[in-house]
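> Provided herewith is a single structure, encoded as structure tokens, for subsequent inquiry.
The values are calculated or read from the model by the stated rules, or taken from the named source; none is laboratory data. What you are looking at is a predicted structure, and each value in this text was computed from that prediction instead of being measured. As a convention, Cβ positions derive from the backbone with ideal geometry for all residues, glycine included, and neighbour counts pool all protein chains shown.
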Amino acid sequence: MINLRPHHILCFQNYVGKGYSKDFVDNMNIIDKKLKENKSIKIKLTPYADDVCKKCPHKIQNVGCASNNNVLCMDKKVMDYLNLDFKIYNYEYLLNRLKKNITRDAFNDICGNCEWHKYGLCNEI
């Protein structure tokens, strides 16, 4: 099972092997590989630091995220657009919810303030 914040579901749809640091990218590569190889893998949605956050330089020990306000806003929007709760889902179910519910406008609403989106790394949904 992989623990993910809701907005990280979107991040993996556009992940291209770039990140904050080598440790962060190595961790993302491991998670990305698991997601690509097994669409039936279980995903536990969490409002707290997740498996991606483990190697993120924005993580403040086990307390939270230096970008917490922005991250919480993105998470809430994903939860609302996809009509999800903080519980365990099959990854394929989450992908289907994305395809069904995330329009270009929704994507820009959720990710428009994200630094990766601003760098042009996430222009496709």
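> Considering each of K77, K44 in turn, give the residue that is in contact with a His (Cβ under 9 Å, 6 or more places away or on another chain) and modelled with pLDDT of 95 or more.
Every option except K77 fails the conditions.
> Starting from residues that are modelled with pLDDT under 90 and of a type outside the set (S, T, Y), keep the ones in segment 16-26 and report whichever is surrounded by the most Cβ atoms within 10 Å (Cβ to Cβ).
The extreme case among them is G19.
> Taking segment 36-48, which residues are over 16 Å from D85 (Cα atoms) and either buried (at least 20 other Cβ atoms within 10 Å of the Cβ) or among the polar types (S, T, N, Q) (or both)?
Those that are over 16 Å from D85 (Cα atoms) and either buried (at least 20 other Cβ atoms within 10 Å of the Cβ) or among the polar types (S, T, N, Q) (or both): N38, S40.
> What are the residues in segment 85-97 that are surrounded by fewer than 18 Cβ atoms within 10 Å (Cβ to Cβ) and either part of a helix (DSSP H, G or I) or among the hydrophobic types (A, V, I, L, M, F, W, C) (or both), if any?
F86, I88, E92, Y93, L95, N96, R97
> Quickly run through segment 21-54 and pick out the residues that are of a type in the set (F, W, Y) and touching a helix residue (DSSP H, G or I) at 6+ places or on another chain (Cβ under 8 Å).
Filtering segment 21-54 for residues of a type in the set (F, W, Y) gives 24, 48.
Passing the criteria: only F24.
> Hey, another quick one. Which number in (1) within 10 Å of the chain's Cα centre (by Cα); (2) buried (at least 18 other Cβ atoms within 10 Å of the Cβ); (3) among the polar types (S, T, N, Q) marks the one condition that Q13 misses?
All conditions pass for Q13, except number (2).
> Let me ask something else. With the requirement that a residue be in a helix (DSSP H, G or I) and either touching a strand residue (DSSP E or B) at 6+ places or on another chain (Cβ under 9 Å) or in contact (Cβ under 8 Å) with a residue 60 or more places away in the chain (or both), what does segment 9-35 give you? Give the steps one after another, and end with the answer.
Initially, segment 9-35 is screened for residues in a helix (DSSP H, G or I), giving 9-13, 22-35.
Selection gives I9, L10, C11, F12, Q13, I31, K34, L35.
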